[in-house]
Structure formats: structure tokens, C-alpha cells
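Below is one structure, written out as C-alpha cells, with a few remarks after it.
Values in this text are rule-based calculations from the coordinates and carry no lab data. Note that the coordinates shown come from a computational prediction; the quantities given were computed from them, not determined experimentally. Here the Cβ positions follow ideal geometry from the backbone for every residue, glycine too, while neighbour counts run over all protein chains shown.
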Amino acid sequence: MIRNKLLCLGIVISLSGILSGQGSNWSHFRGSNLNGMAASGNLPVNWNDSLNILWKTEVSGKGWSSPVVWGDQIWITSATPEGTEMYALCYSLRSGREIFKIKLFQQDKIYGKHDLNTYATPTPCIEQGFVYVHFGTTGTACLNTSDGSVVWKRSDLNCEHVQGPASSPVIYKNMLILHLEGTDVQYIAALDKTTGKTIWKTDRPRELYDKLQPIGKKAYITPIVISVNGKDLLISNGSAVCIAYDVKTGKEVWRIVQGEDSTIAMPFFENGLVYFYTSFVTERDGKQYCELFAVDPSGSGDVTSSHIVWRLREPILQLLTPLIKDGLIYSINTKNQLRCLEAKTGKIFYTQKMTGRYNSSPVYSNGLIYFTSLSGETSVIREGRKYELVAKNKLKGEIQATPAISGDRLIIRTSSDIYCIGD
């Protein structure tokens with residue numbers, strides 16, 4: 001009842017903004033459909049610290065969570081650099097004004113993390129009236145977006161991240177889906193998004209993980225949900241295995257086994273095939289690689305030898321998630337090679353050497369793909385089978401967060417600021 005009253009209040013307060021901006025929402029990591037693509041919009045092609053910057057706001061604390069947008073609100077998370085305090089931050093899309101700064105968790109015992117990571121790397125997800133924020137083992141919370149009040153919090157879903165959290169939460173109907181995969185335990189939990197109570201919880205298969213070194217058991221992926229023959233499947237590529245689960249129950253439907261250490265990039269899906277990066281494979285000479293698999297998701301049981309349509313060997317530690325559009329896959333691997341692949345066959349149409357490192361995932365709008373590097377440079381390329389660079393743009397600061405798109409505006413978070421870019 002309380003939640004319903006708060007929801008009604010939120011609708012009354014923000015109705016005019018929602019009615020005018022429904023198509024401009026960006027509700028998850030990599031967008032409302034978790035595919036990096038904006039439904040519409042005409043983004044600028046050129047910008048710098050003074051050109052086409054509608055506003056710029058300094059962000060307190062440190063975090064690599066990506067922006068999400070609903071109506072006039074932009075939400076991110078942040079933490080103190082040493083990881084003692086965790087915050088949810090909200091800004092006005094129109095002006096950049098800070099609307100809320102909400103302290104959610106405080107901890108005296110600090111766990112370790114990788115130097116590249118932060119204590120606020122998982123991206124929030126948002127819907128009408130509510131935003132869900134996640135800090136890995138530290139805690140998860142639901143906030144009312146109209147007044148910033150806490151609807152529920154949990155801090156009992158734990159694992160030993162070792163290198164810090166990264167997997168982002170996903171909304172599916174009445175559920176909030178979380179991945180907590182550390183060196184000690186690896187599991188997926190579906191919470192009732194209204195109350196925070198556990199609906200189902202599924203451990204990764206022990207027979208596959210017990211044989212791995214502890215450091216190899218962790219994973220940082222954000223899952224997707226796809227529909228296969230009328231059934232919704234949660235696709236989740238962990239360090240030892242990619243598993244399709246019945247999203248309503250958490251029961252395994254099929255698996256593909258490969259790998260021995262860490263997965264980061266999300267799965268992605270188009271035209272009846274699901275794609276994902278495996279974790280490390282070590283050859284006899286000690287060299288390591290991972291693979292990009294294209295999989296027919298209609299099977300059941302262990303489909304490792306039967307449902308892989310094609311595979312492409314790649315360097316390890318694939319951080320960014322590729323973008324797939326109209327049968328073409330665009331990605332930059334950890335050797336800084338920008339590639340365009342035919343999604344049906346894995347054929348490489350072009351390879352372009354890039355400068356810098358790319359941890360931020362690409363986003364798409366109106367025929368253009370935006371790749372943003374760690375050094376703050378965004379390369380804008382045109383979609384298609386031939387490489388065409390349209391523009392290069394530079395902002396100050398380090399960028400690991402993936403941009404958000406809201407209508408004709410591009411929202412970019414750097415190591416110190418959040419920018420709204422538009423004509």
C-alpha cells in the first residue's frame with residue numbers, strides 16, 4: 001500500500017515530463033533494451049569541453065557506474081575512494097542540477113578491488129517511480145524517484161569479489177536480477193522488486209567451478225533475457241560456463257562449457273542467435289585466449305558440441321560489450337582492433353587499429369556508433385561493412401562508464417564530471 005501511494009505521488013509529480021519524454025528513457029546499462037541502441041534521436045557528431053556542451057556537473061566521490069535516465073532524472077552511483085560510503089546521485093537532465101545525494105551504505109570493513117575498478121561500478125536500473133542501485137556484496141537498494149526515500153535495502157547477498165563489483169542489476173517484470181560471483185560463492189538471485197525479498201536463488205554448478213582456482217571463479221557480467229520459442233531465458237556467461245536459465249524459476253535450460261577465469265562483457269542477441277565471450281582458455285604453451293561464440297539458443301542440456309554456430313578466437317579480458325545492428329557486429333578487442341563482423345557467419349568485413357584502450361561499451365543512434373576510450377576520446381563511425389570515421393571528440397578525464405542516450409542528448413560520465421552533450 002505504501003509503495004502504491006508513493007508511486008501515485010511520483011506519477012503526479014512527473015507526469016508531464018514522462019508524457020513528453022517516454023521515448024527518451026535509458027533504463028539500464030546499455031539502454032532500455034540492454035543493446036546499446038537508442039530508439040530515436042539525432043545526436044551531435046562533434047563536441048569538446050566547450051562545443052555542444054549543454055551542461056557539465058562535477059560528480060562527488062568515485063565510480064564507474066553508467067548513467068540511466070527516466071524523464072528529467074539522471075541516476076548514477078558513487079562511493080568514497082576508499083569504499084567506506086556508498087551513494088546514489090540524481091541530476092536534472094534539463095539543467096544538470098543535483099537533485100538527490102543519498103547515502104545508502106557505510107562499512108568499516110573494506111574489501112579489496114582492482115586498481116581499474118571502483119566500489120560503485122554496477123549501473124543502476126530505473127523504471128517509472130523507482131530506481132534500483134547495486135554495490136555488489138555491500139548492498140542493494142530500491143529508491144523512490146519522487147522524493148529519494150529508501151523503499152527497501154539488502155546487505156545480506158554477499159560474495160568475495162576480490163577485484164571489486166561490476167555486474168549490473170536487470171529488471172524483468174516483477175523481479176530484480178542480480179549476479180554475485182566471487183572467489184567463494186557464485187550465484188544468481190531474483191528479488192521481488194517491490195519488497196526486495198528473494199524469489200529464487202541459483203548457484204553456479206559446483207562440478208564445473210570446484211576445479212577452478214579461486215581467482216578464476218569470479219565474473220562481472222550483466223545478463224540479458226531473450227525469448228526462445230515463447231519461453232523467456234536468462235543468458236548468463238560465467239567464468240566456467242554460459243547457462244540459459246528459465247528466468248521465472250532460475251532452473252537451467254542449457255549450458256555451454258568453456259573457460260577458467262573471469263567473464264566481463266555481456267551476452268547480446270539478434271535474429272535468433274545469442275552471442276557471448278567465453279573466459280580464458282590456456283594452451284599447452286601457456287598462451288591464453290578467449291572466444292566469441294554465436295549460439296543457437298533453442299537447445300537443452302549440454303549443447304557445447306551441438307549448438308555453437310560459429311566461433312572466433314580473441315585476446316583475453318574482453319571488457320566492452322559489442323554492438324549488434326542489422327546483422328553486423330561492431331567491437332573493439334583488448335588489442336585495440338575495431339572489427340565489423342557478419343553476425344550470421346563470423347566473417348570479418350574490416351579491422352581497424354585504434355589508439356588507446358576501450359572499456360566503455362559502444363552506443364548507437366541514427367546510423368552512427370559511438371566508441372569512447374579510456375582517455376576520453378569518442379570515435380564516431382558510420383554503420384556498415386566499410387570503415388568510415390565520421391569524427392573524433394575529446395573530453396577531459398578518464399572514461400570507463402558507458403554513455404546514455406536521451407533523445408538528442410548524449411550523457412557521458414568521466415572520472416570527475418557528468419556531461420550533457422547536444423546541439
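Near residue 133, once Lys and Arg are set to +1 and Asp and Glu to -1 for all other residues with Cβ below 12 Å from its Cβ, the sum equals +3. So what does log10 I(q)/I(0) come out to for region 43-129 at q = 0.23 Å⁻¹, using the Debye formula with one equal point on every Cα and no solvent? Debye output, listed in q order: -1.16. In the frame of its principal axes, region 131-209 has Cα extents of 45, 25, 17 Å, reported largest first.
As a length-normalised measure over Cα pairs under 8 Å and 6 or more apart, the relative contact order of the chain settles at 15 percent. The alpha carbon centroids of region 162-241 and region 53-106 are separated by 25 Å. Computed log10 I(q)/I(0) for region 339-395 at 0.16, 0.17, 0.22, 0.29 Å⁻¹: -0.51, -0.57, -0.92, -1.31, from the Debye equation with unit scatterers placed on every C-alpha and solvent omitted. Quantify how much of the Cα-Cα distance distribution of region 282-423 extends past 18 Å, in percent. In whole percent, the long-distance tail amounts to 60. Under a 5 Å amide H cut-off, with hydrogens placed 1.01 Å from N, residue 228 pairs with 233 among residues at least 5 apart or on other chains. Packing here is the average count of other Cβ atoms within 10 Å per residue, and on that basis the peptides 84-94, 189-199, highest first, run 84-94, 189-199. Across every pair of non-identical alpha carbons in region 235-298, the mean reciprocal distance, once inverted, gives a Kirkwood radius of 12.4 Å. From the P(r) of the chain, can you give the percent of Cα pairs sitting at distances over 42 Å? Here the long-distance tail beyond 42 Å is 8 percent of all Cα pairs in the chain. In the distance distribution for region 372-423, Cα-Cα pairs more than 16 Å apart total 45 percent.
Basic side chains Lys and Arg get +1 at the Cβ, acidic Asp and Glu get -1 at the Cβ, and with that the dipole of the chain about its Cα centre reaches some 320 debye. Residue by residue, region 167-184 carries 3J(HN,Hα) couplings of 5, 9, x, 9, 8, 9, 6, 8, 10, 10, 9, 10, 10, 10, 10, x, 6, 9 Hz when phi is fed to the Karplus relation 6.51 cos²θ - 1.76 cosθ + 1.60 (θ = phi - 60°); x denotes Gly or Pro. For the residue pairs 56/197; 103/394; 173/394; 62/325; 201/325; 109/197, alpha carbon separations beyond 28 Å are given by 56/197; 103/394; 173/394; 62/325; 201/325.
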